[in-house]
Amino acid sequence: MLLHDLGAGDALLTTGHLTCYANLSAWGSTALGRTDFIDDPNGPGWHLDRARFDHGLLTEARSAGAETASRTAVRAVHRRPDGDWTVALRGHGPARTVRCRWLVDATGRRRALAARCGAARRHTDRLVATCLELPAAPTAGGRAGEASSLVESAADGWWYTALLPTGARLVAHFTDADLAPPPPGDRAAFDRLLDTTRYVAERAAAHPPGDGRPGRAPAHSSHLDTPTGDGWTAVGDAVAAFDPVSSQGILTALHTGTAGALAVHARLDGDTAALDAYRRNVDALIAAYRRNHRAVYATERRWADRPFWRRRHAPPGPPPPERTPA
């Protein structure tokens with residue numbers, strides 16, 4: 001629906017992606033539960049070739065008239081006396097300066113523009129992901145070809161695995177940064193921890209081990225204290241980044257990107273209430289996420305005495321200022 005609202009339709013999902021027909025989970029018990037998408041009116045899910053999907057969105061934006069600058073970063077922003085902004089860009093090609101009436105921060109968790117505009121960043125956990133990609137299995141079908149995602153909880157976090165469109169398998173371990181996750185690049189430590197799982201290890205064993213090394217990425221929940229200010233608006237992960245267990249990252253980015261753009265357009269057209277409506281929209285989104293986040297983690301009680309789960313079962317408090325996870 002969101003892609004249709006953007007004018008992209010289903011074209012971005014018809015080539016190069018893998019259909020996901022079910023979510024499997026061992027969460028709250030050792031039994032492996034299954035949620036089939038055949039009962040979902042929205043249809044199946046997708047395991048995306050993310051580079052292809054992002055390129056498709058960029059192509060759609062260009063077709064709609066957007067001017068893009070690849071491999072380019074914002075080096076400086078300045079507010080002019082007339083209220084416009086000048087933005088210094090540098091990257092591929094010569095440096096240049098552009099002028100605009102409004103800034104939209106879509107820089108992800110870095111929040112590069114909103115931070116410069118004085119917005120405070122808040123985080124509610126220290127979740128990090130340690131990820132490994134295993135080569136494609138030598139034969140198709142069977143467990144290795146299973147078109148589903150799998151989540152398995154553990155004493156100090158949880159695991160996720162799914163096939164990629166290439167046939168390779170993504171394996172990811174999630175825990176808090178201070179709870180000794182497998183060090184980036186330490187394959188032996190990652191493999192030892194993977195061997196303690198039941199279902200994820202079984203699926204990983206169907207693939208050649210390869211010689212890849214695990215990488216580290218932030219996965220914590222965070223948001224800005226305000227999604228918009230004088231002359232700027234944040235969208236996507238820049239306004240709110242969610243725990244991957246929610247499976248809402250791309251959905252939220254598309255939703256806030258659309259809502260934020262419409263609000264900015266209306267504000268520049270003279271609607272002084274548009275940004276307040278966007279702020280309420282984002283506040284409601286974050287509140288719903290927090291309720292659902294607590295409900296999901298509350299269903300796992302086997303390790304209630306372990307720090308990872310104890311933190312998520314504790315009554316919510318005001319989020320502290322954001323610290324970048326290790």
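The values are calculated or read from the model by the stated rules, or taken from the named source; none is laboratory data. What you see is a predicted model; the values in this text were computed from it and never measured. Note: ideal-geometry Cβ built from the backbone for every residue, glycine included; neighbour counts use all protein chains shown.
General remarks:
- Some residue of the stretch 40-54 being at pLDDT 85 or above and part of a loop (DSSP other than H, G, I, E, B): no
- Complete set of residues in the stretch 20-39 that are assigned to a loop (DSSP other than H, G, I, E, B) and of a type in the set (A, V, I, L, M, F, W, C): Trp27, Ala31, Leu32
- Answer residue from the stretch 37-72, given it is closer than 29 Å to Ala115 by Cβ, of a type in the set (A, V, I, L, M, F, W, C) and surrounded by 12 or more Cβ atoms within 10 Å (Cβ to Cβ) and is farthest from the chain's Cα centre (by Cα) among those: Ala69
- Tally, over the stretch 222-262, of residues that are in contact with a Leu (Cβ under 7 Å, 6 or more places away or on another chain), assigned to a loop (DSSP other than H, G, I, E, B) and of a type in the set (Val, Ile, Thr): 1
- Checklist (1) more than 30 Å from Arg101 (Cβ to Cβ); (2) within 18 Å of the chain's Cα centre (by Cα) applied to Arg306, failing item: (2)
- Yes/no for Leu134 being closer than 30 Å to Arg203 by Cβ and in contact with a Lys or Arg (Cβ under 6 Å, 6 or more places away or on another chain): yes
- Any hit, the stretch 172-180, residues being buried (at least 16 other Cβ atoms within 10 Å of the Cβ), touching a Pro at 6+ places or on another chain (Cβ under 6 Å), touching a residue at least 12 places away in the same chain (Cβ under 8 Å) and part of a helix (DSSP H, G or I): no
- Hey, Ala326 modelled with pLDDT under 95 and assigned to a loop (DSSP other than H, G, I, E, B) or not: yes
- Those residues of the stretch 77-116 which are among the aliphatic types (A, V, I, L, M) and not in a strand (DSSP E or B), in sequence order: Ala95, Ala106, Ala112, Leu113, Ala114, Ala115
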